[in-house]
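Structure record follows, encoded as structure tokens.
Since every read-out is calculated from the coordinates, none of them should be taken as a lab result. These numbers were taken from a predicted model, which means no experiment stands behind them. Every residue, glycine as well, gets a Cβ built from its backbone with ideal geometry; the counts of neighbours run over all protein chains shown.
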Number of protein chains: 2
Amino acid sequence: MTTSNPPYANPWTNKVIKCQDCGLKKLCFPKNLAAAEIQALEAIITRSQSYSKGDCLYHAGDLLTDLIIIKSGSAKTERVAETGAAQIVSFHLAGDLLGLDSLSKRKAVSSVTFLENSCVCVIPYPAFNALSEAAPQLQEEIISRLCEEIANSHNLMLAMNNYTADQRVAVFLQELSCRQHSRGLSKELLHLSMSRNEIASYLGLAPATVSRALSKFERDGFLQVANKHLQITDYQALVNLALACPECALAAAT
Amino acid sequence: MTTSNPPYANPWTNKVIKCQDCGLKKLCFPKNLAAAEIQALEAIITRSQSYSKGDCLYHAGDLLTDLIIIKSGSAKTERVAETGAAQIVSFHLAGDLLGLDSLSKRKAVSSVTFLENSCVCVIPYPAFNALSEAAPQLQEEIISRLCEEIANSHNLMLAMNNYTADQRVAVFLQELSCRQHSRGLSKELLHLSMSRNEIASYLGLAPATVSRALSKFERDGFLQVANKHLQITDYQALVNLALACPECALAAAT
DNA sequence: CGGGCTATTGAGCGCAGTCAAGTGTTGTGG
DNA sequence: CCACAACACTTGACTGCGCTCAATAGCCCG
């Protein structure tokens, strides 16, 4: 799975990037940590392992040995029932922690797959646990992330149960827009790394319904669709449709 | 909200019940803790505050100052969107921790309401935090509970998106049956503390659809319905319909 | 015993799913 | 670099599940 490039180094530049110099430091795991703690983290992080589009980080049932953070790229978390029914439960962007739902068991309850070529930072659990004994803020940060994940799930459930197909797609776009924005990217230009199929699974819709919604938004004049490149031309119209979705507030706070 | 009875005492017997003597000790928060830690917990727990059916523990936005555990009774967690759309995201039974989704912010993102007359144990956050510095197992336990909550949400999402109305109701009954069973109660006799309306909200269905599903189960001969008292007469038939729902495995492990 | 609420059941309709055909896009090998 | 194959997406027609609305029946409280 892992393509072979030197550990501890960015595969593009072959240079080691420290947390202090990382573009994600305002957003990523260490955002609330003191300088000394970040320095301690530096010592145990393996940087910039890279994966290709479609690579699987782990499957349900795998043993987990590390805390993984997306440095660049994106991923999906998918849950599969014994019946074979599958459900994408979250999309992950740069700065997100992966495998939070499996943290306590150390055994994956879902699978994570990369949606594009991606790099990750790896923190081995033993070293992390040793570190968090000295720095309780690390545990706090983990707990905070877990709470966010719960709140996100609940919001998604609310949307799935109470909103129409069009509204759900609007919520999805708004959420993505907010998350891109908080990463310093444009609010209006969305680059989807996931397929229509994956969006449909996430929102509990049929793929055809997602297509129809996007086409409708284009007809209604507030979105331009060019395959995976979307442009929101009237943000307020989108928000009106999504009706002040709570995801956005959360994503903005992240 | 709180009815006035002496703190630290069971309102029925007026006797203080220690964690060691509590019927829930196999299931409740301290289940994985060492004797010394439980003893330390004892010192900071306020026991047996009681609430009446319909009482609200807290509303979204309220400041949270304590960790709350249901000692007896049941409750629901409800999330309300700015649009007014409401969604019940979980039902809580004895031994459950309340307000996990609001833990990190110390400010409720959802509201908790009791479904019947209930008693709770209260652990003030400051005392709890002080204690967990000395006993990291406490933090571990919290993290474990949070992970379970995430997994539960994801399972529910999966059910809502992939299962028919009948299957969802079957999943709900099976889940409840498992949770009752792990609390030492019957697997077959279910006593619903929630209304059809609340079940419908939880499952993302209309109340009428829940009624219809229950009537159908009765016609099909594996369930007897007498208002809030249900009896599962063919458990396997129910499981076949719910198709090995993952909730059950989780509830059994709790 | 009556009032109010909750649950059940029926009739009809609409949203979104399914199926299928057609179009566009991407990646691969000649 | 082009041709082709495989795949992803769009769009249309039709169907059906579950929602809505409404009327009736049952339960629980004072």
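Once the Cα gyration tensor of segment B:2-135 is found, what semi-axes does its equivalent ellipsoid get, as square roots of 5 times the eigenvalues, in whole Å, sorted largest first? Mind showing how you got there, number by number?
Details: eigenvalues 126, 65, 32 Å².
That gives 25, 18, 13 Å for the three semi-axes.
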Backbone N under 20 Å from the B:GLU116 label point (7 Å along Cα→Cβ), restricted to segment B:227-242: B:227-233
Can you give me the long-range amide H partners of A:GLU116? Hydrogens built in the peptide plane at 1.01 Å from N, cutoff under 5 Å, separation of 5 or more residues or another chain. A:GLY54, A:SER74
Round to a whole angstrom and tell me the spacing of the C-alpha centers of segment B:13-88 and segment A:55-84. 33 Å
GNM top mover of B:CYS56, B:CYS147, B:CYS119 - chain B, alpha-carbon springs below 10 Å: B:CYS147
Which residue fluctuates most in the GNM of chain A (Cα springs below 10 Å): A:ARG168, A:ARG219, A:ARG145? A:ARG219
Give me the extension gain from B:GLN137 to B:ALA86: residue separation times 0.36 nm, minus the current Cα-Cα distance, reported in nm with one decimal. 14.8 nm
Just to be sure I understand the model, the point goes 7 Å from the Cα along the line to the Cβ. What's the resulting A:LEU189 to B:ASN32 distance in nm? 4.6 nm
Tell me the angle of helix A:207-220 to the major Cα principal axis of chain A, expressed in degrees between 0 and 90 and rounded to the nearest ten. 60 degrees
Counting each DSSP H run of 4 or more residues in chain A as -39500 (n - 2.57), what helix-only mean residue ellipticity at 222 nm follows after dividing by all residues, to the nearest 500 deg cm²/dmol? -12500 deg cm²/dmol
Using amide H atoms built 1.01 Å from N in the peptide plane, name the residues 5+ places from A:SER110, or on other chains, whose amide H lies under 5 Å from its own. A:GLY61
Pick from B:SER144, B:SER90, B:SER193: which is most flexible by mean-square fluctuation in a GNM of chain B where alpha carbon atoms under 10 Å apart are linked? B:SER144
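Got the relative contact order for chain B handy, in percent, Cα pairs under 8 Å and 6 or more residues apart?
Working: 414 pairs, mean separation 44.1, N = 254.
After rounding, I find 17 percent.
Express in % the proportion of alpha carbon pairs of chain B at distances exceeding 29 Å. Please report the intermediate quantities before stating the final value.
On the way: 10067 of 32131 pairs.
Counting pairs separated by more than 29 Å, the tail of P(r) holds 31 percent.
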Karplus ³J(HN,Hα) for segment B:47-55 (6.51 cos²θ - 1.76 cosθ + 1.60, θ = phi - 60°; Hz, whole; x = Gly/Pro) runs 9, 6, 5, 10, 10, 9, 3, x, 5
Taking square-rooted eigenvalues a ≥ b ≥ c of the alpha carbon gyration tensor, is the protein assembly as shown rounded, prolate or oblate, where a/c under 1.5 means rounded and, failing that, a/b exceeding b/c means prolate? oblate
For segment A:146-162, Karplus-derived ³J(HN,Hα) couplings (6.51, -1.76, 1.60; θ = phi - 60°; whole Hz; x for glycine and proline) come out as 4, 4, 4, 4, 4, 4, 4, 4, 4, 5, 5, 4, 4, 5, 5, 8, 10
So, relative contact order of segment B:109-254 in percent, Cα under 8 Å, 6 or more apart, is 26 percent
Quantify how strongly other chains surround peptide A:138-147 by giving the mean number of their Cβ atoms within 10 Å of each of its Cβ atoms. 5
Out of B:ALA208, B:ALA159, B:LEU230, whose Cα points farthest toward the positive end of the dipole of chain B (charges: +1 Lys, Arg; -1 Asp, Glu; placed on Cβ)? B:LEU230
Taking beta carbons within 10 Å but only from partner chains, what does the mean come to for residues A:86-93? 3
